[in-house]
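Written out below as structure tokens is the structure these notes cover.
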Amino acid sequence: MATSLTTTTPKLTSSLSQTLISKHKFTLFNRSLSLLPSFNPSKQTLTYHTRILKPPARRYVTRAESSTNGGAEPKSYDFDLFTIGAGSGGVRASRFAANFGANVAVCELPFATISSETTGGVGGTCVLRGCVPKKLLVYASKYSHEFEESAGFGWSYNSEPTHDWGTLMANKNAELQRLTGIYKNILSNAGVKLIEGRGKIVDPHTVNVDGKLYTARNILVSVGGRPFIPDIPGSEHVIDSDAALDLPSKPTKIAIVGGGYIAVEFAGIFNGLQSEVHVFIRQKQVLRGFDDEVRDFVAEQMSLKGIEFHTEESPQAVIKSADGSFSLKTNKGTTEGFSHVMFATGRKPNTKNLGLETVGVKLDKNGAILVDEYSRTSVPSIWAVGDVTDRMNLTPVALMEGGALAKTLFANEPTKPDFSAVPSAVFSQPPIGQVGLSEQQAIEAYDDIDVYTANFRPLKATLSGLPDRVFMKLIVSAKTDQVVGLHMCGEDSAEVVQGFAVAIKAGLTKAQFDSTVGVHPTSAEEFVTMRTPTRKIRNSSSGGKTDSEAKAAAGV
Amino acid sequence: MVLNVIRKFNWAINTLTSLFSTNVIFKVGICELPFHPISSEVVGGVGGTCVIRGCVPKKILVYGATFGPEIQDSREYGWQVSENVDFDWKKLLQKKTEEIVRLNGVYKRLLSNAGVKLFEGEGRIVGPNEVEVIQLDGTKLSYTAKHILIATGSRAQRPDIPGQELGITSDEALSLDELPKRVVILGGGYIAVEFASIWRGMGSTVNLCFRRELPLRGFDDEMRALVARNLEGRGIILHPQTTLTQLVKTEDGIKVTTDHGEELMADAVLFATGRIPNSKRLNLQAVGVEVDKTGAVKVDEFSRTNVPSVWAIGDVTNRMNLTPVALMEGTLFAKTVFGNEPSKPDYSNIPCAVFCIPPLSVVGLSEEQAIEQADGDILVFTSGFNPMKNSISGRQEKTLMKLIVSAETDKVLGASMCGPDAAEIMQIKVKVWCVRPRLGS
């Protein structure tokens, strides 16, 4: 695959005076500390120099894969790497690969706010129809709560503030255009060739983009995912998250079907922008997979803001009435009068019509591309990162996968993305931040755990008079004192959790948390001052996993 | 946060009460001046500076002030807000007062629930094991104690310039009857900077005068420069390398003269020129407890004074004047003296925040300190960016985040941030040395 590299590099520190400092203005996303071992596919790296300087550009003369070419003559390709899909994972892998000296091209569909078979855009889901527009809409919708809060702090308005959806959409779209332009610049500054069009794999080293063929030593598939809407009567009336982020007018009364983070975030958005919001979920609680206490807490807080939940209801049909409004029929009955019906019922990998089956790339039953720990598919020259592999569908994880792949392929440093202790957030209102295990997961993974919780009214709410509360939770392995899970639901949760994710990843203990002095006055300091466990769960004493007995004994 | 402070205090009390269960009963008495928002020689209140005239009311006012600019920003997000948005200072202060009175009550209950006897009055030390409490009606009560703990905190200083009686300190600032429309602040520390942001957010004209080139001496220089830029960006008028020479009362308000000869008109002049330990009336000299030249009670690593039965914690010892540090010192004092577990407070890597708008928060070494103290080379990582929220609101205000790393060991020596939510973010654990590759994973 990659050849051994023989360039030697200078050491960073010199024998100059003691007070020498090396000041390098990196952006935090652009560190290029690279380790250059001699590459041996079957052994780990042995010795390396650290270096800060950008490596000189190298051309990779390749040896063709023995499996596909049986020791034939070295072949030269148009590109070292051809990436299909310029979203978070694809851009990261391409850019970093180019920084390592590879010759890289990426193809992407032309820009549109709504994705389709023929439209997409540089930046991908995150930038154009996910994280970024979502967060902007969350910011916009939070103001209504802030206006309410401000009354308790002495502010008053001649008239009730009202919201103009058109202004928000126009400004949001201007921002997306600006960002897609920035992403294009990032690619061109890194020397990556951007080709607009739909890419389709022809053979293990060839991609067809709208009729033109390109060859590459490696192909990366990073086409992401798209919203999934079940095929029920009236599904043509339903909008998905793409459309919801770009509606021509604001919903007056909206039904949101779904219980995952997308449903819950949009519920908060439309509620904050003064729509009437109904959420229909199949389960008893929202956010399956999250810590149960957090799920209860966030639903309670959202209900207090006026969002109406319909639990244990499955959608059966959407009916359009003569007056243009919609009704939603579920297994429990029909609710009428919606201006919009939105389904946030999951996203599926975008793998149709890419030529994958022809070339032999194996997929799972959801259409996700199967990859090994290095993100390699069943075809040795074809790789995949991001939502199309359906591992952990988060932008920073796609970035990690893309960065690791670039290192594996072009820095002679095989790197497996590490999926442990990945923090994440739900931008509901109030938001959720979490890292590590939920209580349910911790009980399964560890015999004995201690659970610390805090549920309090933050200072701001004592003055605003609003029913806002904050919930925080630490889960500790009783045997090792390691903090294995951390959860928060309340204002600023996502910002608070980022710092603590470092602690969880580093395997820090509860004692180390407790030895940290708080920052005051904040909500975050609560995490370093939880003295008494709310409950202790002991399974090991009962000589086997008789969970319910042990829990009863522990008073859970 | 409020509950948290109480709970931490409660934990300290609980540490004592839990000792009761070991069949050893410790009797604890505490004396405190009667409650008043503005402290003096004769008034104070259970809860102390933090709860009554520091952290808590300050944060309430910062919240109040932040709404103003937020309302402006909401317009670009599509909100149509009436041109006239009114701010009622009296309403905010009334609610602030209700809250601190409530907290004062909560603290009293915490003490009584823990079985601590509370005496209202002024305490002074009479002997190494004897305390006198002068009650409100003048009667004196004497008590003997095996151990005496001094935790009387600090008070704001006033500069000795003509007309200083026309100026106010932070105590009064947190209890003004009216919002001062024009403010002159003398000082460059966190109190000065926070009040500048508070009043500016509420729409006042603010002039901030400080002795050095930049405010917040002691903090990372790059961060100080950004804070100054942000204050200016919000419309605060900065007067670096300036001090005030006199205040004169006129019909139009207070006329303030600077040492550059400039004259400023103000409805309020805030002196935020430092706080000094509150140890004068404790009668320390009678017992021989040593103080330093600022009046701070001298203590060893276990918070013990030179008199073996007398101890001191918190701002009166002038070590690190932060509430969580005082809580740490108090908790470890209780452990040492009553828990049979001698424990020294650890002052390394204590995070702290300045609640200007937007806030600054730091932990560990600044760049300048790292250059001085670290062995070998250091790496400085910075990320300066316009936060996403501002991309739509149009506010031109960059966030800066900074990591200081030892090149040899890869340890993170310091971290700082200036931007929205900085204080919540910086509760990050740098207390335990984390090797940086973990940070980058």
Checklist line | FRET E, pair A:Arg288, A:Thr162, Förster distance 56 Å, beta-carbon r, rounded to 0.05 | finding: 0.95
Checklist line | For the range A:314-435, the Rg and Dmax computed from alpha carbons only, in angstrom | finding: 20.4, 65
Checklist line | the range A:423-537, dipole about Cα centre (Lys/Arg Cβ +1, Asp/Glu Cβ -1), debye to the nearest 20 | finding: 160
Next item on the list: Inverting the mean 1/r over all pairs of different Cα atoms, compute the Kirkwood radius of the range A:230-344 and quote it in Å.
Entry: 14.1
Checklist line | DSSP beta bridges in the protein assembly as shown [antiparallel fraction, %, rounded to 5] | finding: 65
Checklist line | Principal axis box of the protein assembly as shown, alpha-carbon based, largest edge first, Å | finding: 100, 78, 76
Next item on the list: Enter the mean projected area of the convex hull around the alpha-carbon atoms of the range A:423-537, in nm², rounded to one decimal.
Entry: 6.9
Note to self: Using only the alpha carbons of chain B, what is the convex hull's orientation-averaged projected area in square nanometres?
What the structure shows: 24.7
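Rg to Rh ratio, the range B:358-434, alpha-carbon atoms and Kirkwood radius?
Ratio of gyration radius to Kirkwood radius: 1.04.
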Notebook entry, point to check: Taking the radius of gyration and the Kirkwood hydrodynamic radius from Cα positions alone, what is the Rg/Rh ratio for the range B:159-272, to two decimal places?
Noted result: 0.94
Next item on the list: Could you list the chymotrypsin sites (Phe, Trp or Tyr not before Pro) in the range B:267-316 that lie in coil according to DSSP, counting only those with at most 16 other Cβ atoms within 10 Å of their Cβ?
Entry: B:Phe302
Next item on the list: For the range A:182-274, evaluate the Debye formula with one uniform point scatterer on each Cα (no solvent term) and list log10 I(q)/I(0) at q = 0.12, 0.20, 0.21 Å⁻¹, rounded to two decimals.
Entry: -0.68, -0.99, -1.04
Checklist line | Alpha carbon centroid spacing (whole Å) that separates the range A:365-400 from the range B:115-152 | finding: 70
Note to self: Taking 8 Å as the Cα distance limit and 6 or more residues as the minimum spacing, I'd like the relative contact order of the range B:358-434 as a percentage.
What the structure shows: 39
Item checked: Helix axis angle, B:323-338 relative to chain B longest principal axis, alpha carbon, degrees -> 20
Next item on the list: Report the convex hull volume per residue for the range B:303-373, counting only C-alpha atoms, in Å³.
Entry: 113
Notebook entry, point to check: Give me the log10 of I(q) over I(0) for the range A:131-234 at q = 0.11, 0.16, 0.19, 0.25 Å⁻¹, as the Debye formula computes it from C-alpha points; what are the numbers?
Noted result: -0.67, -0.98, -1.11, -1.30
Margin query: Report the Cα centroid-to-centroid distance between the range A:461-533 and the range B:224-267 in angstrom, as an integer.
Written below: 41
Margin query: Between helix B:190-201 and chain B, what is the angle of the helix's C-alpha long axis to the longest principal axis, kept within 0 to 90° and rounded to the nearest 10?
Written below: 50
Next item on the list: Could you work out how far helix B:221-233 tilts from the main Cα principal axis of chain B, as a 0 to 90 degree angle to the nearest 10?
Entry: 60
Margin query: Please report the antiparallel percentage of the DSSP beta bridges confined to the range A:230-344, to the nearest 5.
Written below: 40
Next item on the list: Return a whole-number percent for the relative contact order of chain B, with Cα pairs under 8 Å and 6 or more residues apart as the contact set.
Entry: 15
Check: Expressed as a rounded percentage, what relative contact order does the range B:159-272 have, with Cα pairs under 8 Å and six or more residues apart?
Finding: 37
Checklist line | Highest-fluctuation residue, B:Lys335, B:Lys293, B:Lys90 considered, GNM on chain B with Cα pairs under 10 Å | finding: B:Lys293
Check: Which of B:Ala423, B:Val42, A:Phe100 sits farthest toward the positive end of the charge dipole of the protein assembly as shown, with +1 on the Cβ of Lys and Arg and -1 on the Cβ of Asp and Glu?
Finding: A:Phe100
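Do any GluC sites (Glu not before Pro) in the range A:98-204 lie in a DSSP loop with no more than 11 other beta carbon atoms within 10 Å, and if so, which?
Taking the range A:98-204 and a limit of 11 other Cβ atoms within 10 Å, the loop GluC sites (Glu not before Pro) found are A:Glu117.
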Margin query: Placing unit charges on C-beta atoms (Lys and Arg positive, Asp and Glu negative, everything else neutral), compute the dipole magnitude of the range B:159-272 about its Cα centre in debye, rounded to 20.
Written below: 300
Next item on the list: Among DSSP beta bridges lying fully in the range B:31-180, give the percent that are antiparallel, nearest 5.
Entry: 75
Next item on the list: Could you please report the charge total around A:Val277, scoring K, R as +1 and D, E as -1 over all other residues with beta-carbon less than 14 angstrom from its beta-carbon?
Entry: 0
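Readers should treat all values here as calculations from the given coordinates under stated rules, not as data from a laboratory. These figures come from a predicted structure and were not determined experimentally. Cβ coordinates were reconstructed from backbone atoms using ideal geometry, including for glycine residues, and neighbour counts include every protein chain displayed.
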